[in-house]
Amino acid sequence: MTKATRPASFRGASKYILDDELAKIVNVSMALEMPLLLKGEPGTGKTMLAHAIAESMGMPLIVLNVKSSMKLVEALYQYDTLTRLNDSRFGDSKRDVSDIEAYIRMGKIGQAFVSDTRTVLLIDEIDKADTDFQDDMLDVLDQMQFDIIEIDKTITARHRPVIVITSNAKKDLSDPFLGRCNFHHIAFPDPDMMRLILAVHFPKLDEELLGTCVKTFYRLRELRGIEKKPATRELINWLRALKSDPDFRPQLLQQGRIPYLGILFKKSADLFQAVQQLGRGQM
């Protein structure tokens, strides 16, 4: 495996606002070549951080979306037995069916290992996986290699990827897993930070509209009985909708008349709760 040279410092990207503490932990993790585990509620920018690192450092981004039923081998490689069987039966393929390696496809971790350049590997929502998956995956990432048992071949990483792991904290992670990562909790942005984030996405946004929308958004997050509070992504999409509506005026929000609630509240029960409380003037 080629030893990675220390990368330049990460200082954020074109559409990612970075605080000093987060910048430091990202750079320390890259320098120590340790996975960076990010926790926080949905919408705090965990996933987008990996995109920002890839953009800033000029590295390809490879994303492994973890599912509850996923086995580790799926993230490493897949042996396409069905295609090989069909090729053997019908004989209309140019591949040599006796060459099993021709039917091996790399999974997301495998792709990061065999890449000719250093990559950013995002392992998204690791808390969906069981403990065995988590611990076995970190064994592979520690060793930077894995075996393809069907062809008795060891795949060794050409370059150690920058590894970002996210968790929505829906399920506790094992102590051994936590001990092998650098950890950072990303808190939901406060109103001042949210203004900076929105200014990046809407550089010419009217100050009155910006202030009124941010104030309304944080009041909506405080409504009672909401399971999935609106997050940054919903706020950005809501602002886009408001800007595109020729009949919208910021004064409507000040009067408690809030359009496009369905953009902010994605669950039917949450939308019902919001409509009920807003209808009674309870904000």
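Data for the structure
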quantity	calculated
³J(HN,Hα) computed for each position of the range 165-172 - Karplus, 6.51 cos²θ - 1.76 cosθ + 1.60, integer Hz, glycine/proline x	10, 10, 9, 8, 6, 7, 9, 5
Rounded to whole Å, sorted largest first: equivalent-ellipsoid semi-axes of the range 123-274, Cα gyration tensor	43, 18, 14
The range 70-112: Rg to Rh, with Rh as the Kirkwood radius over Cα pairs	1.07
Among the listed pairs Lys39/Lys171; Lys215/Lys266; Lys171/Lys228; Lys39/Lys170; Lys39/Lys128; Lys46/Lys215, those beyond 18 Å (Cα-Cα)	Lys215/Lys266; Lys46/Lys215
Estimated 222 nm signal from helices in the chain, with DSSP H stretches of n ≥ 4 weighted -39500 (n - 2.57), rounded to 500	-13000 deg cm²/dmol
Interchain or long-range residues, amide H under 5 Å from Ile165's placed H	Leu36, Leu37, Leu38, Ile123
Ranking of Cys181, Cys213 by count of other Cβ atoms within 10 Å, fewest first	Cys181, Cys213
Dipole magnitude of the chain about its Cα centre (Cβ charges: Lys, Arg +1; Asp, Glu -1), debye to nearest 20	1040
Alpha carbon convex hull of the chain, volume per residue in cubic angstrom	181
Two-decimal log10 I(q)/I(0) for the range 81-153, as the Debye equation yields it once each C-alpha is a single scatterer, q = 0.21, 0.27 Å⁻¹	-1.00, -1.26
Within straight-line cross-link reach of Lys229, aspartates and glutamates at Cα separation under 12 Å, skipping those fewer than 8 residues along the same chain	Glu41, Asp270
Residue-count net charge about Tyr79 - beta-carbon cut-off 10 Å; Lys, Arg +1, Asp, Glu -1	-1
Cβ-based net charge around Phe265, under 12 Å, with every Lys or Arg adding one and every Asp or Glu removing one	+2
Value of relative contact order over the chain, rounded to a whole percent, pairs C-alpha under 8 Å and six or more apart	23
Added length on full extension, which subtracts the Cα-Cα distance from 0.36 nm per residue, Lys170 to Phe248	24.3 nm
Those GluC sites (Glu not before Pro) in the range 175-283 that DSSP places in a loop and that have at most 12 other beta carbons within 10 Å	Glu222, Glu227
log₁₀ of I(q)/I(0) at q = 0.18, 0.22, 0.25 Å⁻¹ - the range 191-279, Debye sum with one point per alpha carbon	-0.76, -1.15, -1.44
Scaled radius of gyration (Cα, divided by 2.2 N^0.38 Å) that the range 20-185 gives	1.14
Rounded to whole Hz, the Karplus (6.51, -1.76, 1.60) HN-Hα couplings of the range 260-267, x for glycine and proline	6, 4, x, 6, 8, 10, 8, 9
Dipole of the chain, positive end: most advanced residue of Ala274, Gln78, Phe133 [Cβ charges, Cα centre]	Ala274
√(5λ) per eigenvalue of the Cα gyration tensor, the range 94-197, largest first, Å	34, 17, 13
The range 220-267 - Rg (one decimal) and Dmax (whole number), Cα, Å	11.1, 33
Qualifying lysines (Cα of each under 24 Å from Cα of Lys94; at least 8 residues distant if same chain)	Lys153
Estimated dipole of the range 20-185 in Debye, rounded to 20 [Cβ of Lys and Arg +1, of Asp and Glu -1, Cα centre]	360
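Read-outs: derived from the displayed coordinates by stated rules, not from any lab. All values reported here derive from a predicted model rather than from experimental measurement. All Cβ positions, even for glycine, are placed from backbone atoms using ideal geometry, and neighbour counts span all protein chains on display.
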